[in-house]
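Asker: Can you keep this structure in mind? I'll have questions shortly.
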Amino acid sequence: MIQEKAQPLLRYINRYIPLTKSEEDKLLAKVTYRKYLKNQYIIQQGDICKYECFVISGCTKTFHLDTEGQEHIVMFSIEDWWTSDMGSFITQTPADYSVQCIENTEVIQFSYDNIEAIYDQIPRLERFFRQIIERAFVASQKRIVRSFSLTAKEQYLYFKKQYPKIEQRIPQYMIASYLGITKEFLSKIKSQIVLDQ
């Protein structure tokens, strides 16, 4: 079953580094397939993140819950994206973020305990994961810059352009949370964009 379910992951990895059949088999022996239902958590804030997840199908949100119970969404993940609390996974300390499924979601999970074994058996994958982490870091840095250099309207237009497949799949209040604005302000922005056209 893992062989069939993991095909999207193998295709994704092979876009960056070609794996031999033997390497693919070694990798599949160390990962697990998991299905989550809508609203289930992959990781909850305060727990230690045990898995790095590759999304096969579905959609997740990564968010921090503040002391007032306000959700601050920092990321969405859909097919061919990764999701977890990376800081917690790497350091094995309590997570700052929760990852919750917005839709029924299927993932391939890399456990913290198995990731080193994977690196030992397939050294090229260590380089692959380093590149993934570097890209995530760069995206995070650029998002911080956009948050204080673009207007809310510009940020929304950027979001629409960068993630056209996501906007239709998630509620507007979640997009507003991701942009750091209220749902009402997002409605105003969208109305203004319609008027501008």
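The values are calculated or read from the model by the stated rules, or taken from the named source; none is laboratory data. Remember, predicted model here, so these are calculated numbers, not experimental data. Counting neighbours? That spans all protein chains shown, and the Cβs are built from the backbone with ideal geometry, glycine included. In case anyone asks, the SASA skips ligands and DNA or RNA and just uses the protein heavy atoms, side chains included. Shrake-Rupley method; radii C 1.70, N 1.55, O 1.52, S 1.80 Å.
Asker: Under 9 Å by Cβ, and 6 or more places apart or on different chains, what pairs join a residue from the stretch 183-197 that is under 10 Å from A152 (Cβ atoms) with one that is in a loop (DSSP other than H, G, I, E, B) and open to solvent by less than 70 Å² (accessible area, probe 1.4 Å)?
Answerer: I189/I181
Asker: Hey, another quick one. Could you please let me know if F137 is more than 18 Å from the chain's Cα centre (by Cα), over 16 Å from K61 (Cα atoms) and of a type in the set (F, W, Y)?
Answerer: When the stated conditions are applied, F137 does not pass them.
Asker: Being open to solvent by less than 60 Å² (accessible area, probe 1.4 Å) and either of a type in the set (D, E) or under 15 Å from R127 (Cα atoms) (or both) is the filter here; which residues of the stretch 1-13 pass it?
Answerer: Y12, I13, listed by residue number.
Listed here are the residues, each with its yes/no results for (1) closer than 24 Å to I90 by Cα; (2) in contact with a Lys or Arg (Cβ under 6 Å, 6 or more places away or on another chain); (3) at pLDDT 95 or above; (4) surrounded by 15 or more Cβ atoms within 10 Å (Cβ to Cβ).
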{"residue": "R15", "(1), (2), (3), (4)": "no, no, no, no"}
{"residue": "L19", "(1), (2), (3), (4)": "no, no, no, yes"}
{"residue": "V31", "(1), (2), (3), (4)": "yes, no, yes, yes"}
{"residue": "L37", "(1), (2), (3), (4)": "no, no, yes, no"}
{"residue": "Y41", "(1), (2), (3), (4)": "yes, no, yes, no"}
{"residue": "D47", "(1), (2), (3), (4)": "yes, no, yes, no"}
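Asker: Do you know which residues across the stretch 8-49 are among the small types (G, A, S) and free of Cβ contacts under 8 Å to residues at least 24 places away in the same chain?
Answerer: S22, A29
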